[in-house]
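Accompanying notes for the structure given below.
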Amino acid sequence: MSNKCQSTEVTTIGDRDTGFETGNTKHDWNLEKLEAGRKTIAEYEYESKPVVKGYANRTLFIDLDKNEIKEIPVTEDMKQKFTGGRGFGLKLLWDSIKPETRWDSPENGLVLTAGPMGGSTQYPGFGKTLSLTVSPSTDIICDSNAGGYFAPYMKFAGFDAVQIHGKAKDDVVVVIDGEENKVKIETGPDVEVNSHLAAEQLTHFYAVEDSEAARQRVAVVSAGKGAEHSYWGCLNISFYDPRRKVARLKQHGRGGLGTVLRDKKVKAIVARTKHFDGLTNAPLDADKVAEVGTKYHREIRDLDKDQCNMRTVGTGHLVEIMDDYDLLPTENYRFGSHPKANKIYSPHFYRIWTQVIPDGCWYGCTMQCAKAADGQKVMTGPYKGQVVTIDGPEYETLGCAANMSMWDPRWVLEFNFYCDTYGLDTISTGTGIAFYMEMYEYGILNKERCGGLELCFGNNDAVMEFIHRLAAGDNHEFIQVAGKGIRRVKDWLIEKGWGDPQLINDCGMESKGLEYSEYVTKESLAMQGGYGLTLKGPQHDEAWLIFMDMVNNQIPTFPDKAEALWYFPMWRTWFGLNGLCKLPWNDVEPADNAETDDPAKVPGHVQNYVEIFNGITGQNVDADGLIAQSERAYNWQRALNVWMGRGRRADDWIPYRSMGPVTEMEYFSRQERYDKQLVEKLGIPQDEVECMPLQEKMQKLYDWKQDQYQKLADAVYHRRGWTPNGVPTPQKMKALGFGDEAEMLAMLQQKIDEDEAAGLNEWGGKYQEDEEPPTTDMKYWEKW
Amino acid sequence: MECEIACSKVLNKNEEGGEYSAIRIHEGKEGYVMTNCNMCGLCIDMCPVLALKRIKVGTVTLDKKACIGCQSCVGFCPRGVMRRAPDSVTPFKCIACGKCVEACPENALELKEVDLDEFEETVYSYLGVCE
């Protein structure tokens, strides 16, 4: 298929100096009315202090029950142990919640943080906001990251993090105001809720003057009506685009952060900075950072269009690749490809996305994968007829479209638009609907049970109708449960007695209560672990090992896979500690990367990050030192999972749909492959396999694959320094530098003792004579 | 190089030439070679804060107050003539002031008008748009 475009098409960007006309619907925000309706409930004036080597050195604490606002200093100990970003968030939550805290408990904290490197402009991908809360889906902490301008502006305004506890009486806007050095809690009855309007309105309202530059210095965090009525609520983080003259949106998708925002009756969190430039993040050695950044810009300039083509199509290029490798989830992950998938390959969106615009979601990102479609007319729902800019679709949203058999780019854009503005995570929503569609196909759900919705694969109208009814707060039983996600629907279906519990549990793609993101892992054991042995649930941010495992066969043994499931989650976690995007690490590779010792690690870019980390913070760490930062945060988060009741082997359960063929249809679709596995992997003679009844073949494969996963978990837990039941050991925590965290260590020891008493400190795999578990010394950690 | 010194006086308030000059002279195999901005304007589309503009006479200029030091223009310049001096994150570039022409003792430099349409292809191919 051709990837060409006519260069004359792109000259429609108009006047290059001042922007172009998107054709979007113009809104009259009536800023005077907004001002008149605004009431300040609480205000906190603070001393303006500059950022020092990447840190504001204080965090912000807000209690909406008491209307209390205060600042908390960041100590050197906190920086040493937790680095920043997600690490800071984990520390702040440990200090402020209880193990029984749930998403809607008043004491639950919604935390947004910056990292020390975030806010620098010289290297691509340096503007991420990290967010954390107790998730409605999982009942443990879920963390998320997104671009947009919020965290850097919050830091420049004066704070490395903000934590919001309690719930407001009426809807409020929280303002972190770097212009006046004040933090305010305000009410505003006319403030919009749905994000495509809220971000625009509040950007205009809080801009200190009527200029593009002033609007670029405002960032808005918001959710929407969908977040009020489901567990799939996402946070939208805005960034104002001075060429399009619109506020664009990036998403903290996973885990229900938007649900918590709206539960606390917060409509938006706004950060504005008085001023910023290339040195506001106060790097110690700005020269070094600029030097490394320029080198990387040139790499993107010269190589991106022949590698992943991110600048032109963003992550959308992955659809055709995944389809080709049988990894694109279709019909609820039943299959890995589809004859109609080429209808949503990236060339279709090439014509729709506006090109030749700096699309980076933070200044200086020349990978600029945040593509957007301008002048799109909304087809359904309350905004039908409006003309809007739609951010995306990114690969995950396209993967959801494939999963739901939505083979039309215009509908993908519609789904994308409404999920964003309603504050719904496209991944959770798409994977959820795909499950409901499969249940519909089997008659477990039907039109009556779904409140009139005909949720068949490919029924785009029904998808949009479901989303609109969800956002409208429809109280039909199905809508109410469906919006809580796959785990709750599974329980509901089983309780109603509407289908076989095994089928239901194995088809619904959730683990720990969170929906899966959009990759088929049936043929990659490493990636099954990459989804199942994660902290928050099956999100691919920790590891993406499919190619290493399946395509390049670089990690054949259990120890190999365990090593990869140690290194890559640690490395990828690092970005979230420092306020960075991980895409620039490996979506462009240096020209000589293939000749390095370990191309999968992209060592040339790891070295860039070492130099820049040291250049900003003035520290002197090496690549191992960066990994050590991550190990601390990673183990702390696993420990919090244990503390809150979901951090052991049983919680790392994954549905069989992620491992192998649940239905006969799936077995037949790849019969040659599965028969071969029975012969080669299970050692069953060929002629026996040929005569074996299908059900027996499926059962043998099932048993074997389940055992493989348990053996993988054994190897991974051991490598990570955890007990056989998956609990971080006090010995490991001490070695990481947490020796003085007495309360944490005591908690872990207590849990380990409980597991011991319950006989749970045993390996999960069934080891044959010629196989070895990670160790036979069952108290191995006590020797560390 | 007299031209480089004259340039660095204008753009960086010093007489260092070299890294502080927009115009650079290198010794090639068959004599001296100049690298300098040809006002192609690709950088205009790279800037996230619209700090780069083409003024009426056609010169591409950088508003240093608006600049946020991201080096996107420096990195993407196809000729490497968007420069960054040591100890600064704000780039500088040729502003077609002509001081280098004046300073050259051999009259080897000239300031001349060019046709912008010649540059369109360069601009769009470097911005990542496929041919």
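Does any residue of the stretch A:338-346 turn out to be within 14 Å of chain B (Cβ to nearest Cβ) and either open to solvent by less than 10 Å² (accessible area, probe 1.4 Å) or in contact with a Ser or Thr (Cβ under 7 Å, 6 or more places away or on another chain) (or both)? Within the stretch A:338-346, one or more residues are within 14 Å of chain B (Cβ to nearest Cβ) and either open to solvent by less than 10 Å² (accessible area, probe 1.4 Å) or in contact with a Ser or Thr (Cβ under 7 Å, 6 or more places away or on another chain) (or both). Regarding residue A:305, is this residue of a type outside the set (A, V, I, L, M, F, W, C) and within 11 Å of another protein chain (Cβ to nearest Cβ)? Spelling it out, residue A:305 is indeed of a type outside the set (A, V, I, L, M, F, W, C) and within 11 Å of another protein chain (Cβ to nearest Cβ). Among the residues of the stretch A:650-673, those identified as in contact with a Phe, Trp or Tyr (Cβ under 8 Å, 6 or more places away or on another chain), closer than 14 Å to residue A:502 by Cα and either open to solvent by 10 Å² or more (accessible area, probe 1.4 Å) or of a type in the set (Lys, Arg) (or both) are A:657, A:662. Has the stretch A:438-459 got any residue that is open to solvent by less than 10 Å² (accessible area, probe 1.4 Å), over 18 Å from residue A:332 (Cβ atoms) and not in a loop (DSSP other than H, G, I, E, B)? Among the residues of the stretch A:438-459, not one is open to solvent by less than 10 Å² (accessible area, probe 1.4 Å), over 18 Å from residue A:332 (Cβ atoms) and not in a loop (DSSP other than H, G, I, E, B), which makes the answer no. Filter the stretch B:49-94 for residues that are closer than 23 Å to residue A:285 by Cβ, without any contact (Cβ under 8 Å) to a residue 24 or more places away in the chain and basic (Lys, Arg) and give the result. Selection gives B:84 alone. On the stretch given as the stretch A:58-73, residues that are open to solvent by less than 10 Å² (accessible area, probe 1.4 Å), among the charged types (D, E, K, R) and within 13 Å of residue A:96 (Cα to Cα) total 0. Against the numbered list (1) in a helix (DSSP H, G or I); (2) within 19 Å of residue A:352 (Cβ to Cβ), residue A:433 comes up short only at (2). For the stretch B:1-96, no strands (runs of 3 or more DSSP E) sit wholly inside it while including 1 or more residues that are of a type in the set (Asp, Glu), within 10 Å of another protein chain (Cβ to nearest Cβ) and open to solvent by 40 Å² or more (accessible area, probe 1.4 Å). Of the residues that sit in the stretch A:187-201 and are out of contact with any Ser or Thr (no Cβ under 6 Å at 6 or more places or on another chain) and not acidic (Asp, Glu), which one is modelled with the lowest pLDDT? Among residues in the stretch A:187-201 that are out of contact with any Ser or Thr (no Cβ under 6 Å at 6 or more places or on another chain) and not acidic (Asp, Glu), the one modelled with the lowest pLDDT is A:188.
Does residue A:485 fit the bill of being in contact with a strand residue (DSSP E or B) (Cβ under 7 Å, 6 or more places away or on another chain) and modelled with pLDDT of 95 or more? Criteria met by residue A:485. Residue A:725 is checked against (1) at pLDDT 95 or above; (2) part of a loop (DSSP other than H, G, I, E, B); (3) farther than 19 Å from residue A:561 by Cα and fails just one. What number does that condition carry? Checking residue A:725 against (1) at pLDDT 95 or above; (2) part of a loop (DSSP other than H, G, I, E, B); (3) farther than 19 Å from residue A:561 by Cα, the one that fails is (3). Among the criteria (1) touching a residue at least 12 places away in the same chain (Cβ under 8 Å); (2) farther than 24 Å from residue A:612 by Cβ; (3) at the interface with another protein chain (Cβ under 10 Å from one of its Cβ atoms), the one residue A:317 does not fulfil is (3).
When residues in the stretch A:384-400 are screened for being surrounded by fewer than 18 Cβ atoms within 10 Å (Cβ to Cβ) and of a type outside the set (D, E, K, R), 3 of them pass.
Within the stretch A:212-225, the presence of a residue that is in a strand (DSSP E or B), within 20 Å of residue A:20 (Cα to Cα) and within 14 Å of chain B (Cβ to nearest Cβ) is excluded.
Just one of A:124, A:116 is of a type outside the set (A, V, I, L, M, F, W, C), within 14 Å of another protein chain (Cβ to nearest Cβ) and touching a residue at least 12 places away in the same chain (Cβ under 8 Å); which is it? Please lay out each step first, then the result.
Details: A:116 fails: within 14 Å of another protein chain (Cβ to nearest Cβ).
Only one candidate qualifies: A:124.
If you check residue A:549 against the conditions, is it within 28 Å of residue A:484 (Cα to Cα) and open to solvent by 10 Å² or more (accessible area, probe 1.4 Å)? No; evaluated as a whole, the condition is false for this residue. If I filter the stretch A:276-295 for residues that are more than 9 Å from chain B (Cβ to nearest Cβ), farther than 30 Å from residue A:49 by Cα and at pLDDT 95 or above, do I get at least one hit? No: the stretch A:276-295 contains no residue that is more than 9 Å from chain B (Cβ to nearest Cβ), farther than 30 Å from residue A:49 by Cα and at pLDDT 95 or above.
Could we say that residue A:704 is closer than 19 Å to residue A:634 by Cα, part of a helix (DSSP H, G or I) and in contact (Cβ under 8 Å) with a residue 12 or more places away in the chain here? Even if it seems obvious, please write down each step before you answer.
Numbers: closer than 19 Å to residue A:634 by Cα: no; part of a helix (DSSP H, G or I): yes; in contact (Cβ under 8 Å) with a residue 12 or more places away in the chain: yes.
So residue A:704 does not fit the description; no.
Those residues that are of a type in the set (D, E, K, R) and surrounded by fewer than 21 Cβ atoms within 10 Å (Cβ to Cβ), I need them from the stretch A:712-731; list them, please. Scanning the stretch A:712-731 gives a single hit, A:719.
With respect to being within 14 Å of chain B (Cβ to nearest Cβ) and polar (S, T, N, Q), residue A:386 falls outside the description.
Please find, among A:634, A:609, the residue that is more than 20 Å from the chain's Cα centre (by Cα), in a helix (DSSP H, G or I), among the aromatic types (Phe, Trp, Tyr) and buried (at least 19 other Cβ atoms within 10 Å of the Cβ).
Working: A:634 fails: more than 20 Å from the chain's Cα centre (by Cα).
Within the list A:634, A:609, the selection yields A:609.
Scanning for something out of contact with any helix residue (DSSP H, G or I) (no Cβ under 6 Å at 6 or more places or on another chain), within 22 Å of residue A:19 (Cα to Cα), at pLDDT 90 or above and more than 9 Å from every other protein chain (Cβ to nearest Cβ), does the stretch B:110-118 turn up at least one residue? Within the stretch B:110-118, not a single residue is out of contact with any helix residue (DSSP H, G or I) (no Cβ under 6 Å at 6 or more places or on another chain), within 22 Å of residue A:19 (Cα to Cα), at pLDDT 90 or above and more than 9 Å from every other protein chain (Cβ to nearest Cβ). Within the stretch A:301-338, the residues that satisfy the criterion of being among the β-branched types (Val, Ile, Thr) and within 18 Å of residue A:349 (Cβ to Cβ) are A:312, A:313, A:315, A:319, A:321.
The values are calculated or read from the model by the stated rules, or taken from the named source; none is laboratory data. Model, not experiment: these values are computed from the prediction. Heads up, the Cβs are rebuilt from the backbone with ideal geometry, glycines too, and the neighbour counts pull from every protein chain shown. Keep in mind that these areas ignore ligands, DNA and RNA; they rest on the heavy atoms of the full protein, side chains included. Shrake-Rupley method; radii C 1.70, N 1.55, O 1.52, S 1.80 Å.
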